[in-house]
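Asks: Before I ask anything, here is the structure I am working with.
The values are calculated or read from the model by the stated rules, or taken from the named source; none is laboratory data. A quick note: this is a predicted structure, and the numbers were derived from the prediction, not measured. Cβ: placed from backbone, ideal geometry, glycine included. Neighbour counts: every protein chain shown. SASA here: full protein model, heavy atoms, side chains in, ligands and nucleic acids out. Shrake-Rupley method; radii C 1.70, N 1.55, O 1.52, S 1.80 Å.
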Amino acid sequence: MSDQLRAPDGGSAAPYDALLLLSFGGPEGPDDVVPFLENVTRGRGIPRERLKEVGQHYFGFGGVSPINGQNRELLEALRGDFAGHGLDLPVYWGNRNWAPYLTDVMREMAADGRRRIAVLATSAYASYSGCRQYRENLADALATLAEEGVELPRVDKLRHYFNHPGFVEPMIDGVVASLAELPEEVRSGAHLAFTTHSIPTAAADTSGPAPDHTENGEGGAYVKQHLDVARVIADEVAARTGVAHNWELVYQSRSGAPHIPWLEPDICDHLEALHAAGAPAVVMVPIGFVSDHMEVLYDLDTEATAKAAELGLPVRRSATVGADPRFAGAVRELVLERAAKERGEQPAAECWVGTLGRSHDLCAVGCCPARGSRPAAAGVDSPYA
């Protein structure tokens, strides 16, 4: 797979004095499930009884979402990679919806004397929920600290990394491994179903900077970025295996009201369509997810896999990136790249694959526009310099 040159070992993270791993969060026991869902849905007026129904996915796994454990693994992978490559940069971890809460961690970082923080969100693509909302969360945390009289650090969100080779390469390996697990007689005809989280088509159309916005459910930067990654993976799988597999981008985990259009087709509907068309097997490739959290474990490993079994369709699910050492290395490269730019220097390397090139560093006004008038940090329109 051709890509831009990888960054060399060493390098300076200045002006940054910390990295913040910013994630969604999840319950870690049955008693946490409903309070967690109340955090996620705050302001939407969803009754507690309905949240208990929604929480059955979590209760089926003992009330524990795997996302926090996976973030702990990534945290250790990042610390180990940084230390192993001579990068002296402490790494913290905070969540949007569960402990360790973002505001608490930001308060801790300020108390530790951190004044310039690089932020890695565990969402690789452009969208309101995957980018702008995290920036709003950062602004909320900074506002709280300002009210408390805390000296505020500056926060900079690292660029989208959907097409960084350290994010893409582990997924290619996962697809090749999953194909090898299929029975030999169906392997060459297997279809690749690249999956990501469905979002409302209106949100997809306005994802990314304004020049990327589209109309009529075309999907904006969100869809464009996923399609580019899927194409890179499919092409590289073909190069490694000698077989060009049919593929499609499909969606999962829809949660909105039925009357609101969301991105389609759903993975289960797609499996039915493939079976009806005579496809011999399918590999589900969750390119929209950094780790095996609940949407992967339930919507793919449980629900979609059960649908495939019902159809008699052989199916495998390839691995997410998780704490793969190549992803940890990618994060280091992203930090060094941004740090060099902040110092007014040319980065040693700017790594990407595919056709879309390197993503922007600073979100412009109108990028993944807000649902309301909430301020957002780490962008051109940030109220915090």
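Asks: If you go through segment 229-271 one residue at a time, how many are out of contact with any helix residue (DSSP H, G or I) (no Cβ under 6 Å at 6 or more places or on another chain) and of a type in the set (S, T, N, Q)?
Replies: Counting residues in segment 229-271 that are out of contact with any helix residue (DSSP H, G or I) (no Cβ under 6 Å at 6 or more places or on another chain) and of a type in the set (S, T, N, Q) gives 3.
Asks: On to the next question. All but one of (1) crowded, with 23+ Cβ neighbours inside 10 Å; (2) in a helix (DSSP H, G or I) hold for GLU108, so report the exception by its number.
Replies: Going through (1) crowded, with 23+ Cβ neighbours inside 10 Å; (2) in a helix (DSSP H, G or I) one by one, GLU108 breaks only (1).
Asks: Inside segment 240-254, can you point out the residues that are touching a residue at least 40 places away in the same chain (Cβ under 8 Å), over 16 Å from THR196 (Cα atoms) and open to solvent by 30 Å² or more (accessible area, probe 1.4 Å)?
Replies: Result: ARG240, THR241, VAL243, ASN246.
Asks: If the Cβ limit is 8 Å and pairs must be 6+ apart or interchain, which residue in segment 300-329 that is under 22 Å from ARG79 (Cα atoms) pairs with which residue that is buried (at least 23 other Cβ atoms within 10 Å of the Cβ) and charged (D, E, K, R)?
Replies: From segment 300-329, no pairs qualify.
Asks: Report the residue count in segment 133-157 for those that are open to solvent by 10 Å² or more (accessible area, probe 1.4 Å) and either under 26 Å from VAL315 (Cα atoms) or part of a loop (DSSP other than H, G, I, E, B) (or both).
Replies: Qualifying residue count for the region: 5.
Asks: Could you grab me the full set of residues in segment 10-47 that are within 25 Å of GLU73 (Cβ to Cβ), surrounded by fewer than 20 Cβ atoms within 10 Å (Cβ to Cβ) and in contact with a Lys or Arg (Cβ under 7 Å, 6 or more places away or on another chain)?
Replies: Residue satisfying the conditions is ASP17 alone.
Asks: Only one of SER123, SER127 is touching a residue at least 24 places away in the same chain (Cβ under 8 Å), small (Gly, Ala, Ser), open to solvent by 10 Å² or more (accessible area, probe 1.4 Å) and within 21 Å of GLY219 (Cβ to Cβ). Can you tell me which?
Replies: SER123
Asks: Another question about this same structure. Quick check on my filter: what residues within segment 289-333 are small (Gly, Ala, Ser), open to solvent by 20 Å² or more (accessible area, probe 1.4 Å) and over 30 Å from GLY11 (Cα atoms)?
Replies: ALA306, ALA309, GLY312, ALA319
Asks: Here's something else I'd like to know. Kindly evaluate ALA377 against the criterion of being open to solvent by 10 Å² or more (accessible area, probe 1.4 Å), on the phi < 0 side of the Ramachandran plot, modelled with pLDDT of 95 or more and in a loop (DSSP other than H, G, I, E, B).
Replies: When the stated conditions are applied, ALA377 does not pass them.
Asks: Here's a follow-up. It is to be established whether one or more residues within segment 351-362 are closer than 23 Å to ARG135 by Cβ, part of a loop (DSSP other than H, G, I, E, B) and polar (S, T, N, Q).
Replies: The answer is yes; a qualifying residue exists.
Asks: Going through segment 313-333 one residue at a time, which ones are assigned to a loop (DSSP other than H, G, I, E, B), under 16 Å from the mean Cα position of the chain (by Cα) and either more than 14 Å from SER291 (Cβ to Cβ) or of a type in the set (A, V, I, L, M, F, W, C) (or both)?
Replies: ALA319, VAL321, ALA323
Asks: Take ASP292 and decide whether it is closer than 29 Å to GLY55 by Cα, in a loop (DSSP other than H, G, I, E, B) and not aliphatic (A, V, I, L, M).
Replies: Considered against the rule, which asks whether it is closer than 29 Å to GLY55 by Cα, in a loop (DSSP other than H, G, I, E, B) and not aliphatic (A, V, I, L, M), ASP292 comes out as yes.
Asks: Let me ask something else. Quick one: is LEU336 farther than 22 Å from TYR251 by Cβ, touching a residue at least 60 places away in the same chain (Cβ under 8 Å) and not in a loop (DSSP other than H, G, I, E, B)? Don't jump to the end; show me each part of the working.
Replies: Working: farther than 22 Å from TYR251 by Cβ: yes; touching a residue at least 60 places away in the same chain (Cβ under 8 Å): yes; not in a loop (DSSP other than H, G, I, E, B): yes.
When the stated conditions are applied, LEU336 passes them.
Asks: Here's a follow-up. With respect to the numbered conditions (1) of a type in the set (A, V, I, L, M, F, W, C); (2) farther than 30 Å from ILE267 by Cα; (3) in contact with a Gly (Cβ under 6 Å, 6 or more places away or on another chain), which one is the sole condition not fulfilled by VAL380?
Replies: It is condition (3) that VAL380 fails.
Asks: Restricting to segment 57-83, name every residue that is without any contact (Cβ under 8 Å) to a residue 60 or more places away in the chain, open to solvent by 60 Å² or more (accessible area, probe 1.4 Å) and either over 26 Å from ASP299 (Cβ atoms) or in a loop (DSSP other than H, G, I, E, B) (or both).
Replies: ARG79, ALA83
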